[in-house]
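Take a look at the structure below.
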Amino acid sequence: MKTLLNLLWLVLGGIAVFLEYAWGGLVLCLTIVGIPFGLQTWKLGIAQLMPFGKKVERTGGLFVVNAFFNIIWIIFAGIWIALTHLVLGIGLCITIIGIPFGIQHFKLMRLSFAPFGYDLREEY
């Protein structure tokens, strides 16, 4: 079932969003200061490819460094990306068929708001 939902996700916009994240990550990685943000952007882009069957989990790392980068991310990009996922999730949850896709937007909203220190892992 998750394979079918992931395939529908890709066809209904997942590939386009992935390409946007990939392009943004490439542009961010052109500067030394932007490399950590570019890597997180690529992580978000890969998460857009197949979100069904995955869950957001905390990863290791220094809390202070992750918090610092998350604050910068939230100010410049995170709030807007998260609001986009929120609006799309609410819009999809209005229809019965769109509920699974809306739930995935809510999951991706959490990851896109503050991606440092979190990752998508396989759900068993």
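Things to note:
- Compared with the rule-of-thumb size 2.2 N^0.38 Å for a compact globular protein, the chain has a Cα radius of gyration ratio of 1.05.
- Using θ = phi - 60° in the Karplus curve 6.51 cos²θ - 1.76 cosθ + 1.60, the 3J(HN,Hα) couplings for the stretch 18-30 round to 4, 5, 5, 5, 4, 5, x, x, 5, 5, 5, 6, 5 Hz; x is entered for Gly and Pro.
- Using the Cβ of Glu57 as centre and a radius below 13 Å, the other residues enclosed give a net charge of +4, where K and R count +1 and D and E count -1.
- Computed from the Cβ-Cβ distance with R0 of 30 Å, the FRET efficiency linking Glu20 to Ile103 stands at 0.90.
- The stretch 63-77 - phi-based ³J(HN,Hα) in whole Hz, Karplus 6.51/-1.76/1.60, Gly and Pro as x: 4, 5, 5, 4, 5, 4, 5, 5, 5, 4, 4, 4, 5, 8, 9
- Accessible area expressed per residue, the chain, with surrounding protein chains retained (probe 1.4 Å, Å²): 61 Å²
- Note on the stretch 57-124: the alpha carbon radius of gyration divided by the globular reference 2.2 N^0.38 Å gives 1.24.
The values are calculated or read from the model by the stated rules, or taken from the named source; none is laboratory data. Fair warning: this is a prediction, and the values are worked out from it, not measured in the lab. Neighbour counts run over all protein chains shown; Cβ positions are idealised from the backbone, glycine included. SASA here: full protein model, heavy atoms, side chains in, ligands and nucleic acids out. Shrake-Rupley method; radii C 1.70, N 1.55, O 1.52, S 1.80 Å.
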